[in-house]
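Beneath this line is the structure, given in structure tokens, with notes to follow.
The values are calculated or read from the model by the stated rules, or taken from the named source; none is laboratory data. Please read all numbers here as calculations on a predicted model, not as lab measurements. Cβ placement follows ideal geometry from the backbone for every residue including glycine, while neighbour counts extend to all protein chains displayed. Protein only, heavy atoms only, side chains kept; ligands, DNA and RNA dropped before computing areas. Shrake-Rupley method; radii C 1.70, N 1.55, O 1.52, S 1.80 Å.
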Amino acid sequence: MKKILAVCLFVALLATIPSALAKPSLVIDSVDTSSWPSVNIKCTVFNLDQQQPAFSLQYDNQVYSSSETRAFESEGPRINVMFCVDISGSLDYNFPAMQTQLSKIAGLFTKNDTFSLVAFAENIEPLIKFSSNPAEAALQMGKLKAQGQISRINDAIIECNDLLHSRPDSEKGIIFLISDGNDIESINKPTKPDFPVVTVAPAGGIDIVYLRNLAQQTNGLFLPDFDTVKIVPFIGQIRGDLGNSYLVTFRSLPEAKPGSMVDLTLKCIVGPDVLEQKKQVEIKGSVNLLWVWVLLGILLVFALVFVLMWALRHKVKPGEKVVKKRKEGEVHYIAWINLYGSDTEHYRIRNSSVVLGTKKDADFMIDDETVSPEHARISETGDGFVIVDLKSDSGTFVNDKKISGPVLLKNGDIIVLGNTKIEFTQSDFAYVCKKKVI
């Protein structure tokens, strides 16, 4: 009985060892200083169990308590997925299936992960580097063509390994080797990569021993038959403990000059443990919105003036006389004349009268032999613009009717001088002023 009890106690003791060894750890994911002197820190606490963490921040030899802490679901550490694809002639038959495999594999990862594609045969080409688009690798695979019979697998694996090492240490990597395993003319000897390798074997003649050994040596996975069901739990193992993620806000920190580099130390108290991580960040500072408000104020003033002018304008209906709203000044109108059908020949009537003709000093000069030097005059009156013929040789017509005296022009009237047509345009806006100013 004593022996049985001792065994039970020993087993219970062994069961507590993993939890005792699993100490909490802290990782700073990102620091946002755009609202300084407030700062937002996104972090992850691993092996938290059921304990609640308390956060503080050390800056410039002072410790500040968190103003707000918000927990959110973590996607875990980023995984950089590296597709290492054999495009030698021996696999030409399998390209469509390889494209489908790339697409299915990419669909197993999260939006936080990245995807790269290295294609190899005689040459090794990094075609995509750490893209956030999971479909890009499969799309690129669909454009590839076979390139001879050389297959430098070992050299390609080294290239992929070096690329993954260029990423931050906090990120993880995984290599998916899609090849028949037959290395031909690699410059480098077989080298064990530092990242797990999943070897995907296509149908046909393959070096199963090479692919299986590579997967085993790197704690990867060998897939003689492609099956995403086997890949899912493996990805979970690679990603590891997702931890508990928090967004911690600290306010009322000391002022700091934008662009300066400062050291921030995030502290996390978990039970008896005090976790710390130091990070050097650049102070971006809050955006000064004063100039934005000034600009908006100016635009608002202009808008109010425009609305006021629109509300107080004089609407001139055909046949009606303008009723002056001021005691001083005369009614002035805004009008244009332009060659009929032309988009460029516009003339704004700014004077009290304008002369139309072929003279060089005419206000509106017309290049037409059938038009007299001083053919007609348009003058402004209290009722609008009036046109008169200046004893021309061919006469003046308004809307196909020859005029014999002053005629009040209306918006859209067509004036004919000799062989020249002129369109008269008048705005419905009129104003009262001592002098024509607009």
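Identify, by number, the condition in (1) hydroxyl-bearing (Ser, Thr, Tyr); (2) at pLDDT 85 or above; (3) more than 26 Å from residue 259 (Cβ to Cβ); (4) out of contact with any strand residue (DSSP E or B) (no Cβ under 7 Å at 6 or more places or on another chain) that residue 16 doesn't meet.
Result: residue 16 passes all but (2).
If you go through the range 102-123, how many residues are open to solvent by less than 50 Å² (accessible area, probe 1.4 Å) and farther than 30 Å from residue 242 by Cβ?
So the count comes out to 3.
Residues of the range 308-338 being at pLDDT 65 or above, touching a His at 6+ places or on another chain (Cβ under 9 Å) and open to solvent by 50 Å² or more (accessible area, probe 1.4 Å), which ones? Working first, answer last.
At the first step, the residues of the range 308-338 found to be at pLDDT 65 or above are 308-311, 328-338.
Next, only the ones that are touching a His at 6+ places or on another chain (Cβ under 9 Å) stay: 331, 336-338.
If the condition is that a residue be at pLDDT 65 or above, touching a His at 6+ places or on another chain (Cβ under 9 Å) and open to solvent by 50 Å² or more (accessible area, probe 1.4 Å), then 336 is the only one that fits.
Going through 342, 372, 353, 394 one at a time, which residue ends up being closer than 30 Å to residue 309 by Cα and of a type outside the set (Phe, Trp, Tyr)? Even if it seems obvious, please write down each step before you answer.
Working: 342 fails: closer than 30 Å to residue 309 by Cα; 372 fails: closer than 30 Å to residue 309 by Cα; 394 fails: closer than 30 Å to residue 309 by Cα.
Exactly one of 342, 372, 353, 394 is closer than 30 Å to residue 309 by Cα and of a type outside the set (Phe, Trp, Tyr), namely 353.
Return the residue satisfying two criteria in turn: it lies in the range 54-77 and is under 13 Å from residue 28 (Cβ atoms) and under 33 Å from the mean Cα position of the chain (by Cα), and of such residues it is least open to solvent (accessible area, probe 1.4 Å).
Checked the range 54-77; the qualifying residue least open to solvent (accessible area, probe 1.4 Å) is 57.
Of all residues being under 42 Å from the mean Cα position of the chain (by Cα) and part of a loop (DSSP other than H, G, I, E, B) in the range 204-230, which is surrounded by the fewest Cβ atoms within 10 Å (Cβ to Cβ)? Just the residue, please.
225
Filter the range 237-255 for residues that are at pLDDT below 90 and buried (at least 18 other Cβ atoms within 10 Å of the Cβ) and give the result.
238, 239, 243, 244, 245
List the strands (runs of 3 or more DSSP E) inside the range 381-438, counting only whole elements, that have at least 1 residues being β-branched (Val, Ile, Thr), crowded, with 16+ Cβ neighbours inside 10 Å and in contact (Cβ under 8 Å) with a residue 24 or more places away in the chain.
On the way: elements: 384-389, 396-398, 414-417, 420-433.
Strands (runs of 3 or more DSSP E) meeting the threshold: 384-389, 414-417, 420-433.
In the set 126, 168, which member is within 36 Å of the chain's Cα centre (by Cα), surrounded by fewer than 20 Cβ atoms within 10 Å (Cβ to Cβ) and assigned to a strand (DSSP E or B)?
Details: 168 fails: assigned to a strand (DSSP E or B).
Among 126, 168, only 126 is within 36 Å of the chain's Cα centre (by Cα), surrounded by fewer than 20 Cβ atoms within 10 Å (Cβ to Cβ) and assigned to a strand (DSSP E or B).
Given 46, 115, 55, which one is farther than 24 Å from residue 200 by Cα, among the hydrophobic types (A, V, I, L, M, F, W, C) and at pLDDT 95 or above? Please lay out each step first, then the result.
On the way: 46 fails: at pLDDT 95 or above; 115 fails: farther than 24 Å from residue 200 by Cα.
Step by step, each of 46, 115, 55 is checked, and only 55 is farther than 24 Å from residue 200 by Cα, among the hydrophobic types (A, V, I, L, M, F, W, C) and at pLDDT 95 or above.
Can you name every residue in the range 20-53 that is open to solvent by 50 Å² or more (accessible area, probe 1.4 Å), farther than 23 Å from residue 112 by Cα and over 34 Å from the mean Cα position of the chain (by Cα)?
20, 21, 23, 49, 50, 51, 52, listed by residue number.
Could you say which residue among 245, 151, 166, 179 is among the small types (Gly, Ala, Ser) and more than 22 Å from residue 116 (Cα to Cα)? Explain how you work it out, then say what you get.
On the way: 151 fails: more than 22 Å from residue 116 (Cα to Cα); 166 fails: more than 22 Å from residue 116 (Cα to Cα); 179 fails: more than 22 Å from residue 116 (Cα to Cα).
Only one candidate passes the filter, namely 245.
Filter the range 132-147 down to residues that are within 26 Å of the chain's Cα centre (by Cα) and more than 12 Å from residue 85 (Cβ to Cβ) and give me whichever is most open to solvent (accessible area, probe 1.4 Å).
139
When residue 99 is evaluated against the numbered criteria (1) farther than 25 Å from residue 244 by Cβ; (2) modelled with pLDDT of 95 or more; (3) among the polar types (S, T, N, Q), which criterion, by number, is the only one it fails?
Status for residue 99: all satisfied but (2).
Do you know which of the residues in the range 171-184 that are farther than 13 Å from residue 218 by Cα and touching a residue at least 40 places away in the same chain (Cβ under 8 Å) is surrounded by the most Cβ atoms within 10 Å (Cβ to Cβ)? Step through it out loud before you land on a result.
Taking the range 171-184 first, the residues farther than 13 Å from residue 218 by Cα are 171-172, 178-184.
After this cut, where a residue has to be touching a residue at least 40 places away in the same chain (Cβ under 8 Å) as well, the list is 171-172, 178-180, 182, 184.
Numbers: 171: 15, 172: 19, 178: 25, 179: 28, 180: 22, 182: 17, 184: 14.
Only one residue tops the list, namely 179.
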